[in-house]
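As structure tokens, the structure follows; a few thoughts come after it.
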Amino acid sequence: MFLSFKSIRSGSSGNLYLVKSENAVIAVDFGLSSQKAIVEGLKKQGIRPEDLDAILVSHTHTDHISYSGLRVGEEYGLCIMLPVELVNNAMGLYAKKRLARPPDGLLEGFQVGQPRRFKDIVVKSFKVPHDVVPTSGFRFELAGRGNGPAITMATDLGYVPADVKERFLDSNLVVIEANYDEMMLQNSSRPFQQKVRINGPKGHLSNTATAAFIAELCKRGRVPDHVMLAHLSKDHNTPQHALNTITDYLVRKFGVRLNISVAPRKEESDWITVF
């Protein structure tokens with residue numbers, strides 16, 4: 001029995017991730033800029049939109065749920081699930097473009113923190129600090145396998161509070177934001193207030209903050225089989241900056257060398273499978 005994870009797109013231009021097991025396939029975020037990109041991204045994996053057992057949205061920034069994502073859901077009769085407090089936000093996004101309410105059944109709210117089961121995958125959502133409240137992270141486990149494989153992910157958060165760290169413990173695969181390099185952000189031409197927001201407690205994780213978080217996970221629990229760095233800024237980070245900063249930090253401070261990859265911005269990643 002296994003769980004597999006793939007990033008179709010990752011970053012502020014749009015996010016779409018897949019989690020699958022032997023019996024189920026779940027999309028996380030539906031934020032690409034065109035319906036064609038979403039449908040073709042799925043079909044390239046041999047997945048039709050109607051094959052999805054769930055579509056889970058972390059929050060309502062449009063790189064995570066786009067109007068195009070809503071239209072794909074409408075066209076294929078899908079249900080898009082997001083934190084119940086944010087359903088009205090998604091309804092507003094649809095109404096702004098269509099000048100109408102979304103069809104019944106397109107949107108469903110879930111209570112963050114309440115587990116949901118989709119065939120053989122159990123999803124445990126949890127709140128993370130971001131400027132859309134609530135923003136959700138997700139932990140995926142196989143039903144009936146208490147010590148089985150686990151994938152835990154959070155892609156938009158300003159820092160990692162203690163309760164969120166607990167959610168990531170003993171994960172086989174950790175998917176975590178590494179949004180910006182501190183010096184690249186500081187030296188950029190971004191307006192000061194944007195820099196404050198990105199660097200703030202409801203913004204995004206820096207490479208160094210992500211490195212410290214991964215190191216703590218390794219000290220407190222099992223060492224992850226794999227770490228995927230996600231949601232990298234196109235302006236204030238590069239895959240090489242993120243990999244070098246985090247790898248060097250782990251080796252220098254803790255002597256830990258992990259299997260780390262970066263979720264590409266405009267391309268799909270490899271499937272990562274954990275057992």
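We did not get these values from a lab; they are worked out from the coordinates using the rules stated. Please read all numbers here as calculations on a predicted model, not as lab measurements. Methodologically, a virtual Cβ is constructed for each residue, glycine included, from the backbone with ideal geometry; neighbour enumeration extends over all protein chains shown.
Within segment 11-33, the set of residues being assigned to a loop (DSSP other than H, G, I, E, B), touching a helix residue (DSSP H, G or I) at 6+ places or on another chain (Cβ under 9 Å) and hydrophobic (A, V, I, L, M, F, W, C) comprises Leu32 only. Scanning segment 116-136 for residues that are in a loop (DSSP other than H, G, I, E, B), surrounded by fewer than 17 Cβ atoms within 10 Å (Cβ to Cβ) and over 17 Å from the mean Cα position of the chain (by Cα) turns up just one, Lys119.
Lys36 falls short on exactly one of the conditions (1) surrounded by 16 or more Cβ atoms within 10 Å (Cβ to Cβ); (2) not in a loop (DSSP other than H, G, I, E, B), and that condition is (1). The sole residue among Arg265, Arg222 that is under 17 Å from Ser7 (Cα atoms) and touching a residue at least 12 places away in the same chain (Cβ under 8 Å) is Arg265. Has segment 179-192 got any residue that is buried (at least 24 other Cβ atoms within 10 Å of the Cβ), in contact with a strand residue (DSSP E or B) (Cβ under 9 Å, 6 or more places away or on another chain) and either farther than 25 Å from Val133 by Cβ or in contact (Cβ under 8 Å) with a residue 40 or more places away in the chain (or both)? Scanning segment 179-192 turns up at least one residue that is buried (at least 24 other Cβ atoms within 10 Å of the Cβ), in contact with a strand residue (DSSP E or B) (Cβ under 9 Å, 6 or more places away or on another chain) and either farther than 25 Å from Val133 by Cβ or in contact (Cβ under 8 Å) with a residue 40 or more places away in the chain (or both). Could you look through segment 71-109, keep only residues that are part of a helix (DSSP H, G or I) and of a type in the set (Gly, Ala, Ser), and pick out the one that is nearest to Thr60 (Cα to Cα)? Checking each candidate, the answer is Ala90.
Every listed requirement among (1) among the charged types (D, E, K, R); (2) in contact (Cβ under 8 Å) with a residue 12 or more places away in the chain; (3) over 21 Å from Asn147 (Cα atoms) is met by Arg252 save one, (2).
Is it the case that some residue within segment 3-15 is closer than 21 Å to Glu267 by Cβ and either of a type in the set (Asp, Glu) or more than 16 Å from the chain's Cα centre (by Cα) (or both)? Within segment 3-15 (the criterion being closer than 21 Å to Glu267 by Cβ and either of a type in the set (Asp, Glu) or more than 16 Å from the chain's Cα centre (by Cα) (or both)), the answer is no, since none of the residues qualifies. The single condition among (1) in contact with a helix residue (DSSP H, G or I) (Cβ under 7 Å, 6 or more places away or on another chain); (2) over 17 Å from Pro264 (Cα atoms) that Arg222 does not meet is (1). Annotation note: of Ser33, Ser68, Ser13, Ser4, the sole residue that is touching a residue at least 12 places away in the same chain (Cβ under 8 Å), closer than 25 Å to Val274 by Cβ and not β-branched (Val, Ile, Thr) is Ser4.
Taking the conditions exactly as written (small (Gly, Ala, Ser) and either within 18 Å of the chain's Cα centre (by Cα) or buried (at least 17 other Cβ atoms within 10 Å of the Cβ) (or both)), does Ala209 satisfy them or not? Yes: the conditions hold for Ala209.
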